[in-house]
Amino acid sequence: MKDKVTTIREAVGRIRPGNILAIGGVGRSRVPMGLIREVVRQRIGKLHLIGREVGMDFDLLIGAGLVRHVSAAYVGLEEMGLALNFRRATEAGQLKVSEHACRTVMLQVRAGAMGMPHLPVKGMLGSDLMRVNSEDLREFNCPFTGERLVAVRAVVPDVAIIHAQRADRYGNVQLRGARFEDVMMAQAAEITIVSVEEIVSDEFIKQDAERTSIPHMFVDAVVHLPRGAHPASCHMFYGSDRAHVMTYAEATRTPESFQTYLKKYVYEVADEAEYGTLIGEEAAHV
C-alpha cells in the first residue's frame, strides 16, 4: 500500500479553482479548519461548497472571496448569530445558493457515492424548497406505487476535506463520536484529503479495526495536523474555542474588520504550526 502522509501545502494544492468541495464535520464539531485556512492561503477560488449545517468554515472561505456557489441546509454561527460574510455575499448577488434540508444535501452526496443519478425522499413535498431549488429537487411518481416523491439530484465532489481523530500512513481513518456524512463524502469524492490529530501505526489500526470508518482506498492524502479543527471541537481531544468564535463573529461585522482577521490569523501566519502558536499565546492571556 502507498504511504499517503504529506504536507498540508501539498495536500491542499490538489484542490483546483472551480472545484466542487465537500467539507466534513458539522457546525463547530470536527470541521477541517486547518485545511480551510490553507485553502485561503493558497487563494484557491471559484469553489462550489457542499455541506450540511455549516458555519465558520463556509463563511471564512466566502469572506476571502473564494466561493461561487453554496449548497447547504444552514449557514450560521449558531448562538453567535448570522454568518455575515455569507449574508453579505448572498444579498449582493455574488453567490449562487442552493438551499437544502439537511437530509437532501447529504442525499446528493450519498447518491454520488452510490453511482446513482438521484435518490428519492418524501419530506420535501409541500415545502418552499421545491420552489427555490428546482435544480436539485424534482417531483416524480414512484413507478411501483404511484406515490408522489422527490428526486434529489446526485453530486460527485471533486474533493472532500475531512478532519479526523487518527489515521495510519496508508489512509485508514478512524472517526470517533458522530461521523455525520463524512464517510459518504470520502466515498463520493474524486479526491479525499484527511487531516488528523495523530498518525498511528498500521498495527494499531489492525488491532482496533472495527473503529476504521474510512478505509484507505477512499483516501488520497493524510496530513498530520494536531488541533486541525480549531476553533471547532474534536471529540476526545478538545472542545470548541468559544472565545475565538466570538472574536470571529465580531470581526465579520464589516468587510474591513474581517480583512483584519484574515491578515492576523491566516495571511500573516506561515502555516498551521505558527497559527497554533498564536492561538496558544492568546489563550495564555485570557
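What the table shows:
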{"quantity": "Any hit, region 197-205, residues being under 20 Å from Ile15 (Cβ atoms) and of a type outside the set (Val, Ile, Thr)", "calculated": "no"}
{"quantity": "Counted residues, region 245-271 - those being touching a Leu at 6+ places or on another chain (Cβ under 6 Å) and in a helix (DSSP H, G or I)", "calculated": "1"}
{"quantity": "Hey, Ala164 under 23 Å from Lys46 (Cα atoms), of a type in the set (Gly, Ala, Ser), at pLDDT 95 or above and surrounded by 17 or more Cβ atoms within 10 Å (Cβ to Cβ) or not", "calculated": "no"}
{"quantity": "Single unsatisfied condition, Asp158 versus (1) out of contact with any helix residue (DSSP H, G or I) (no Cβ under 7 Å at 6 or more places or on another chain); (2) charged (D, E, K, R); (3) modelled with pLDDT of 95 or more; (4) open to solvent by 90 Å² or more (accessible area, probe 1.4 Å)", "calculated": "(4)"}
{"quantity": "Check on Arg176, at negative phi, without any contact (Cβ under 8 Å) to a residue 12 or more places away in the chain and open to solvent by 20 Å² or more (accessible area, probe 1.4 Å)", "calculated": "no"}
{"quantity": "Residue in region 73-81 that is open to solvent by less than 40 Å² (accessible area, probe 1.4 Å), touching a Phe, Trp or Tyr at 6+ places or on another chain (Cβ under 7 Å) and either modelled with pLDDT under 95 or hydrophobic (A, V, I, L, M, F, W, C) (or both) present", "calculated": "yes"}
{"quantity": "Strands (runs of 3 or more DSSP E) wholly inside region 130-216 containing at least 2 residues that are within 22 Å of Val5 (Cα to Cα)", "calculated": "159-167, 191-199, 212-214"}
{"quantity": "Considering residues of region 241-286 that are among the aromatic types (Phe, Trp, Tyr) and in contact (Cβ under 8 Å) with a residue 24 or more places away in the chain only, the residue farthest from Pro226 (Cα to Cα)", "calculated": "Phe258"}
{"quantity": "Any hit, region 101-122, residues being more than 30 Å from Arg148 (Cβ to Cβ), assigned to a helix (DSSP H, G or I) and open to solvent by less than 20 Å² (accessible area, probe 1.4 Å)", "calculated": "no"}
{"quantity": "Helices (runs of 4 or more DSSP H) wholly inside region 1-65 that include at least 1 residues being without any contact (Cβ under 8 Å) to a residue 60 or more places away in the chain and either touching a strand residue (DSSP E or B) at 6+ places or on another chain (Cβ under 7 Å) or within 19 Å of Arg166 (Cα to Cα) (or both)", "calculated": "56-63"}
{"quantity": "Test result for Thr192, modelled with pLDDT of 95 or more and in contact with a helix residue (DSSP H, G or I) (Cβ under 7 Å, 6 or more places away or on another chain)", "calculated": "yes"}
{"quantity": "Filter result (surrounded by 14 or more Cβ atoms within 10 Å (Cβ to Cβ) and in contact with an Asp or Glu (Cβ under 6 Å, 6 or more places away or on another chain)) within region 130-149", "calculated": "Asn133"}
{"quantity": "Count of residues meeting criterion [open to solvent by 10 Å² or more (accessible area, probe 1.4 Å) and more than 18 Å from His230 (Cβ to Cβ)] in region 189-198", "calculated": "3"}
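The values are calculated or read from the model by the stated rules, or taken from the named source; none is laboratory data. Since this is a predicted model, take the numbers as computed values, not measurements. Note: ideal-geometry Cβ built from the backbone for every residue, glycine included; neighbour counts use all protein chains shown. All accessible areas refer to the heavy atoms of the entire protein, side chains included, with ligands and DNA or RNA removed. Shrake-Rupley method; radii C 1.70, N 1.55, O 1.52, S 1.80 Å.
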